[in-house]
1. Can you compute 3J(HN,Hα) from phi for each residue in segment 52-62, using the Karplus curve 6.51 cos²θ - 1.76 cosθ + 1.60 with θ = phi - 60°, rounded to whole Hz and x for Gly and Pro?
2. Based solely on its DSSP helices, what 222 nm [θ] is calculated for the chain when runs of n ≥ 4 H residues each add -39,500 (n - 2.57) and the sum is averaged over all residues, nearest 500 deg cm²/dmol?
3. Given the options Leu105, Leu124, Leu406, which has the most mean-square fluctuation in a GNM of the chain, springs set between C-alpha atoms less than 10 angstrom apart?
4. Most fluctuating residue of Gln266, Gln239, Gln35 in a GNM of the chain with Cα springs under 10 Å: which is it?
5. Test of understanding: what is the full-extension gain from Leu116 to Ala56, defined as 0.36 nm times their sequence separation minus their Cα-Cα distance?
6. Quick one: net charge around Ile28, please, counting Lys, Arg +1 and Asp, Glu -1 for every other residue with C-beta under 12 Å from its C-beta.
7. Quick one: 3J(HN,Hα) in Hz for segment 247-257, Karplus 6.51/-1.76/1.60 with θ = phi - 60°, rounded, Gly and Pro as x.
8. Give me the distance in nm between label points sitting 7 Å out from Cα along the Cα-to-Cβ direction at Arg24 and Ala101, one decimal.
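Where a number appears in this text, it was derived from the coordinates with a stated rule and is not lab data. Since this is a predicted model, take the numbers as computed values, not measurements. Don't worry about glycine lacking a Cβ; one is built from the backbone with ideal geometry, like all the others, and counts go over all protein chains shown.
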Amino acid sequence: MSWLARLTAPFAGARQALASRPYRIYFIGQIPHVQGIWLHRVAAGWLIYEMTGSPAWLGAIGFAMSAPSLLLSPIAGAMCDRIGPRRTSMLATAGGMSVIALTTLLTFIGVMTPVLLFTLVTLLAVCIAFEFPARQALVPALLPRDVLTEGMAMNWAVFNVAFFTGPLIAGVLLTLGGPQLGFAAAICTYLWMTVALFRIPAAEPRLNSIRFGGLWRDIAEGIAYTRRHPVIPWIIGLQVAASLLVRPYIDLMPGFAVEVFNRGEQGLATLLAASGIGALIFSVLLTMYSRERWLVHTFTAGMIGSAAMLLIFTTIDNFWLGVACLVLVGGFATTTGIANATLIQQYVDATYRGRVVSLNMACQVGSPALGALTLGWCAEFVGLQIAIGAGAAIVVLVTTLSVRTLFVRRRQVAPPT
């Protein structure tokens with residue numbers, strides 16, 4: 001084997017995934033789209049803190065960004081099974097683009113208020129509640145099963161590139177033109193994703209043949225299947241703990257940048273970018289070296305690692321030490337997310353894929369909303385560091401106590417072929 005072949009061997013799975021034209025179109029389409037998600041998120045967080053100076057309002061915006069997923073993602077999963085994940089994604093992405101356009105206009109003309117921003121963020125989150133699980137359910141249809149792990153890791157790698165570059169770009173845009181410039185850039189990225197989804201060939205049911213009767217029965221069947229499964233409820237349950245008590249650090253980071261480290265917009269961008277750098281590095285490593293048989297180990301290690309490093313972060317008041325901690329927080333957190341998404345895709349029966357993936361997304365995306373609201377409220381009384389640190393300590397304890405049970409249940413079932 002030549003030196004070049006040996007050097008590129010770890011990326012063989014990624015090359016095979018990109019050899020699929022539909023997946024390649026999807027992959028290229030989401031590169032700018034996930035940038036736009038973070039551009040909007042950072043701009044909205046900074047705008048609300050600029051208007052109010054309140055950690056509670058930061059938590060409220062974090063809640064608005066994710067809460068609709070708790071209620072609507074199960075409906076989105078059932079809709080995907082009826083009208084197709086590609087069509088669901090296209091409609092939701094176009095709707096989100098319209099909401100961001102209105103947000104940009106109102107911010108630009110100077111009539112934005114905290115309540116109005118909260119309302120608009122909630123509307124965008126409704127669109128995301130349909131879009132995100134639909135796009136996740138679409139991926140297995142674009143890839144061979146033997147490269148699904150690599151494909152999911154690549155998806156997360158792209159997301160975490162945006163986690164790194166998005167805050168950096170957002171910081172520049174905040175400096176050049178304020179939050180409205182970040183919102184305007186997000187509109188363009190949503191348009192790019194809509195065009196990519198339109199180009200993906202997909203066999204979907206005709207709209208005039210769709211019947212919406214029995215939708216709630218479909219949702220109930222998906223919930224019942226998930227509850228009966230030996231492994232999936234434990235994977236989702238532990239992910240809920242991480243999403244509820246660890247992930248909200250992203251939404252509350254403007255408070256750390258200002259109150260703990262005495263930094264401004266660029267300090268916020270640096271802290272978020274540090275988390276993104278770690279997430280990107282770990283995503284690439286998982287793309288190169290992930291193995292199906294080690295996914296449960298990877299999942300639990302990511303849970304404990306992210307919570308433990310976040311706990312350490314909350315005890316630090318030195319900015320650059322905090323940056324170093326967030327590199328590992330972001331890396332371990334994205335490890336958890338990749339392993340979670342891949343395990344769900346591997347263990348779920350194809351008949352229930354859309355509904356189970358949507359339930360998982362509801363928990364993974366929606367739980368940080370409750371966490372941000374709760375931790376933001378608690379931070380008003382005990383401070384950001386104590387509130388976030390207590391949540392991280394709980395996750396370490398819960399995961400440690402659950403590891404043995406998860407491994408025992410995993411041996412009770414084999415992934416469907």
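1. 10, x, 10, x, 5, 5, 4, x, 5, 5, x
2. Values: 15 runs with 336 residues, N = 417.
So the calculated ellipticity at 222 nm is -28000 deg cm²/dmol.
3. Highest fluctuation of the listed residues: Leu105.
4. In this elastic network of the chain, the residue with the biggest mean-square fluctuation among Gln266, Gln239, Gln35 is Gln266.
5. Details: separation 60, 0.36 × 60 = 21.60 nm, distance 1.60 nm.
Gain in length upon complete extension: 20.0 nm.
6. Details: positive: Arg21, Arg24, Arg199; negative: none.
Combined, the nearby Lys, Arg, Asp and Glu give +3.
7. 4, x, 4, 5, 5, 8, 4, x, x, 5, 4
8. Taking the two extended label points, one gets 3.2 nm.
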